[in-house]
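First up is the structure itself, then whatever we jot down about it.
Any read-out appearing in this document is the output of simple, stated calculations on the displayed coordinates, not a laboratory observation. All values reported here derive from a predicted model rather than from experimental measurement. Cβ coordinates were reconstructed from backbone atoms using ideal geometry, including for glycine residues, and neighbour counts include every protein chain displayed.
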Amino acid sequence: MKPEDIGEMWFEYEGTPLKWHYPIGLLFDLHASHTALPWSITVHFKDFPEKDLLHCPSNSVIEAHFMSSIKEADALKHKGQVINEMQKKDHKQLWMGLQNDKFDQFWAINRKLMEYPAEEGGFRYIPFRIYQTVSERPFIQKLFRPITAEGQPHTLIDLLKEVSPFAVSQGGGEKKYQVVIHGIEPMLETPVQWLSEHLSYPDNFLHISVIPISTD
Amino acid sequence: MPGSLLWVIDIYGRVYTLSTAGQIWELCRDGRLEFKRVTATEPCCWGIASDHQVYVYVHSSEVPIRYQEETFENQRWNPVDGFCDRLLPSDRWQWSDITGLVHQPLDSFHLPSEHWEWEADWYVDENIDGDPTEKGGWTYAIDFPATYTKDKKWNSCVRRRRWIRYRRYKSRDTWAKVPSQNAGPLPDPFSDLSVGGWDITEEPMGRLSLWAVSLQGKVWYREGICHHNPEGSSWEEVSTPGEVVQISCGPSDLVWAVMWEGQLLVREGISRENPKGSSWVVVESPSSEVGAVHVSVGVSVVWAVTKDRKVWFRRGINSHNPCGTGWIGMVGEMVMLSVGVNDQVWGISCDDRAICFRQGVTSNELSGKTWRVITAARDDRSQASSANSLASAGCFFSGEVQVPTETSIMSDTGSSSEAEAQQDTDGETAKIRIPKVTSDSFISDLVSDKETKLNRRMLEGAIPEEGPPLEQESSKAAGETATNAACRTSRGPQWSNVDLEEAQVGSDATDSSSLSSVATYNFGLEDQYGVDEHPLWAWVCGGGCVVDAHMPLNWFNSTSALATSLQSMSLSITPAQTAVWRKQIFEQLSERTKREVDSFRHYEQAVEQSVWVKKGNMQWWRDWKPNKWIDVQFALEQFSGAEGNRDGILFIYYMFNDEKKYLHAFINEVTILVPVVSDTKHTFAIYTPERTKQRWPIRLAATTEQEMYDWLTLLSLSCNESQGIQGAPSKHAIWSTTCKGDIFVSEPIPSLEASPYPLPCDQMYWRQIGGHLHLVECGGPGIVWGIGYNHTAWVYSGGYGGGFFQGLSSSNVHPQTDVKNVYIYENQRWNPVTGYSSRGLPTDRFMWSDISGLQECTKTNTKPPSPLWIWVSDWSIDYNSPGGTDREGWQYATDFPATYHGHKTIKDFVRRRRWARKSKISTTGPWLEVPPITLWDITIQPCSSSRSPEEHVSVWGISNKGDVLCRLGVTQQTPEGTSWLHVGTDQPFKSISLGSCNQLWAVARDGSAFYRGSVSPHSPAGDCWYHIPSPARQKLLQVSVGRTSVYAVDENGNLWYRHGLTPSYPQGSSWEHISNNVRKVSVGPLDQVWIIADKVQGSHSLSCGTVCHRLGVQPMDPKGQSWDYGIGGGWDHISVRANSQEAPRISLPLASDKSMNPRGEAPAINGRVVGC
């Protein structure tokens, strides 16, 4: 391969370009959850799929994307108050913790983003995104409160019913879709507030994959 | 298990404890009594039982609570009979106290209560001024009263001697009834009590303030509680402006009470001299509409609850203003609150009667952050389940879902009627448990109106949890229980939700049920997952529970087994949430980890580097004068060697006269890395053998603490790797501590003790082990103990790392804390106008200074020793300064600097007093606490590692009070042993050492030495003490015993060798002076002698606290010849007592062999050849 042929690197799996700005666990759940590990993906240096992928010229772009996700999540959770009250160094620590795989460093700051006033029983809105391979839309994101008007906790099934009803629709008693977070299928009775606190990705979003169950 | 206890009472009056190290509510060992109130400190817990009597529960400890009774026998000489007990009519009694004023015959002494026993009979004290006499203990004088001498003179007309008898408190680990009062005003039954005041003063030891409220609203104070009188002596009434209902006493000078009308009372004037205080001040209730019902105080916080269950925090409390300034409303509704040690707070929540812990309470944020429910499981399987809290909540197993009926829910009845209802359904339970708490109006009121709400809540809350997957489970479970029920109906409705085997339902017992809770609890039955039930609590006391905001606690999830895969998550489970979905998530996650991670662990790292460099900017303490910090570039270059072993070089690039220069050091030459943290700079020192000789290390400063620790970790790993060291220290390791409390360990090679050419000790490689210790002692085989600055005993866990070492380079590390005092001095000079004042002469020292007077140290500018330390107390006067003080803590002298004494004389023109402030460090290391006794010294018998692992190893200690203790049950497998055996002495001790052949030597606080006779493996405690006089005019400080040698160090830094030791006469004959400027000595199992020496001159500088090795020690010459100097200064302690590796035997080399390798490996080989 000649040096002049080397363009920006990108990854592909079974014809699908992989978005670098999605968490890798999500990409795996979404596209390859039925394959055997290790996951084989193809690395390309040519023919960058401009319409599918964002460019990634340097790792500061990744950092900026990560921080903007965190800020968006906090806007939903606390009207952005927590993240705005943090200092620049705290923001840096979140990123450095993630980048260097230092969980303690990361969690020392992220913990504050996961707090909420006890009297409210949860966040303002749950930061979540639902991904469906079958849909044209990249993902669904809506405002969804963790607690019902009566003060009862909303569960995962409540969320899906409101946002993505087909995912829990049952045709003839058969389950047609798997609802996967972090490679597992949490019970639909799980309160979303708990999921948001404990199964959010580092960007503070709950990334939920809805995967069709293959009929064969 | 180490850890302190949180005490609670459930609504049935049963007392439970929760250990800070545990996660299960344990039923109090002595569970016969039911209690209304408990109030705890670390050593003991007081309570009011349902019989309205006061009980005290003193925790057992290996050191007995003993009290020495004494009386004097007086005699007068007459020409006929000589000395006899016929005294003159004007004389004192024949038996009297020391002053002669009180008549005290032997039979006038009685045990104070049934909880005491005599240790032995009366005996004569034959020790006079620390020296044993053989004169029957008599001391002589011309007449009463006079000065007594031990020698009889021609004019000695009277004599006296002291008789001693010890009594011992025996009722420990049990509720001991406090004897009721015989004299004085008799209190009516008590309704509340609170213990505290342990921080007010250290004299007498273990002093406590106990405040109580009687049913008539009077306040009482218990006099005379201290360590050797745990029951106290009498109740004294303290008058109050109104009727009091509840009282709370903090660890120091805060005492608050709640009055019947809802106002609060604050006690003022509590001090060291007057722990009862002098007057009350009224503080209004936080809320204008409703009065306060409960108050709890700590060191500098006050929390209160008003009648509407709102929680309030008092602002502005400090030692000058015990009343504070205003109330702040807090989140949460509580029944009551308890403030414990470190101002931590617990409460009982209003809606579900769960115990909540206030998280995030620190000295900067005393009000904390959030309430967190403690979800520990209860360990009361042995209990009859009749009074089970679940039963009271109305959830019985049943085959079908039915609407709860009014009768089972007990809507309007109090809990006592509830209990009756329970009795009705509970025909077979022989002993009916009547909840005695309900006799207390305060609680019963709460129980009755809260419980019904709770029942409803639980049932209502349960229904939405039902989901499709649950139905299968629950119907299955219901089917099972129905089957169970069918076959056991004859046995009545007794059941337990702990064990499915016992789950029985009377078919007619109840018709209330909640389907989902059946399913949930059915899961709980299988594997103890989640909380097994939802206990209802009535009272909590954290006064004996030592936690702080940084301490990891296991109280909040009882899912320990599964939580490991998710340990990073903070699981805020409330009991209602222990649902199936949670368990499924844990199971799926651990399965996923297995599938996606564990199966690929054997994969090698994809990226491998052969050379890499880490660079950084640092400051370097430059070598040339004037010495100062200069900016340098620092780099570590690491590369893989030919055989795969790593090596590296350190570079320091600096500018010298505008010229670029560099300094370098090979990683394999580095002998030690020493962190030197101060409040201004984050520095560390790098030593090589050459630098050790110079006493001038490479000193570097990083810009941030984190950066310094990153570098230290990296450098340590590189050095360890290049030395081929990994994992835990070996059984022969040499342990040492520095004056900063850092712990260093070195692996000895056999030639370290070779003679005549041992390994020079500046070539020894030391690595740091996490933790903070004052001293560390090792012995055989692999048993290591340490003592912290706060005298806490620690045993080595067998791990390594901790401290600044992160995850991978650590193993078996645990949290460790240590506390030490920081001292500053307040100096004053006398002048004729104002007397003593803080106006000194212009030439004087600072009016607030360090001990030398050279450094200004004010209360505000004095910082904790390093950023690792935090303040945990306020400044307070230290009344225990060496030399003694007057009542205000002052020490007087003629001028600065001079010797100070504790009383004022006419010649004194200056005075000073010492202020102390406690600071605390929280770190980690391979150490486990050995509670509860605090230690002064410890010794472990050196022995060869060839013993079997089960064989017992002798370990002796000196407690903080000077008691001599022998640790039982210490083996290689259980290095912490099992218990202390107390060995009686007539005076306090300070140092102890046990030799390889069971020679036990000790030093008493008066500076004389003792030898313990007949210590053997069969009688580990020996039989009696032999007094060994100290060297003339010297007071001994420390002793160390090896295989045959005995060495001691005195207060003036002299090292002494004990002459004339033989197996038949193990006490020896005399002390021989070996060296001066010695601080500590450690003699090992090869009779090798190592010391910590002061004033060691290097080529660049002088060092204090240097490790030195005695050269030329041979079986025929145990005193050796000269010293070899190793690492230092700043070293405080060394222990070589585990190194029993003999050097390879060699013959004396010939002159031609002088060029032999000094490292000592070569002589072994050469020696064989030459020696032929």
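Under the Kirkwood approximation for Rh and a Cα-based Rg, what ratio Rg/Rh is obtained for the range B:781-827?
Ratio of gyration radius to Kirkwood radius for the range B:781-827: 1.15.
The lysines within cross-link reach of residue A:89, meaning a Cα-to-Cα straight distance under 23 Å and a gap of 8 or more places when in the same chain, are A:71, A:77, A:79, A:102, A:112, B:369, B:614, B:615, B:681. Shape class of the range B:842-892 from the alpha-carbon gyration tensor: oblate, with a/c at 1.5 or above and b/c at least as large as a/b. Here's how it looks for residue B:78: its modeled amide H is under 5 Å from those of B:83, B:84, which are all 5 or more places away or on a different chain.
Local charge for residue B:635 was computed over the other residues whose Cβ lies under 12 Å away, with Lys and Arg +1 and Asp and Glu -1, and equals +1. Bridging of residue B:1080 to lysines at a Cα separation below 27 Å is possible for B:693, B:731, B:740, B:820, B:918, B:920, B:961, B:990, B:1035, B:1095, B:1119, once same-chain residues fewer than 8 apart are set aside.
Within the P(r) computed for chain A, what percentage of the Cα pairs occupies the region above 25 Å? Result: 46 percent of Cα pairs exceed 25 Å.
Rounded, prolate or oblate, given the Cα gyration tensor of the range B:891-971, with a/c below 1.5 counting as rounded?
Verdict is prolate for the range B:891-971.
When the helices of chain A are scored as -39500 (n - 2.57) per DSSP H run of n ≥ 4 and the total is divided over every residue, the value at 222 nm lands at -10000 deg cm²/dmol.
Take the alpha-carbon centre of the range A:103-137, take the same for the range B:1009-1075, and report the distance between them in whole Å. The two parts, judged by their Cα centres, are 68 Å apart. Across the range A:44-61, computed HN-Hα scalar couplings (Karplus, 6.51 cos²θ - 1.76 cosθ + 1.60, θ = phi - 60°) run 10, 10, 10, 6, 4, x, 4, 7, 9, 10, 8, 6, 9, x, 7, 6, 5, 5 Hz from first to last residue, x flagging Gly and Pro. Each other residue within a Cβ distance under 14 Å of residue B:173 adds +1 if Lys or Arg and -1 if Asp or Glu, for a net charge of +1. Using all pairs of distinct alpha-carbon atoms, the Kirkwood hydrodynamic radius of the range A:121-216 works out to 13.8 angstrom. Note: the range B:718-867, Cα convex hull, 195 Å³ per residue.
Residue by residue along B:714-726, Cβ atoms of other protein chains within 10 Å of the local Cβ number 0 on average. What number comes out for the charge environment of residue B:904, summing +1 per Lys or Arg and -1 per Asp or Glu over other residues with Cβ under 13 Å away? Within the 13 Å Cβ shell, the charges total +2. Between amide H atoms placed 1.01 Å from N, distances below 5 Å from residue B:814 occur with B:925, B:927, all of them 5 or more places distant or on a separate chain.
Rounded to the nearest 20 debye, the dipole size of chain A about its Cα centre is 460 debye, using +1 on the Cβ of Lys and Arg and -1 on the Cβ of Asp and Glu.
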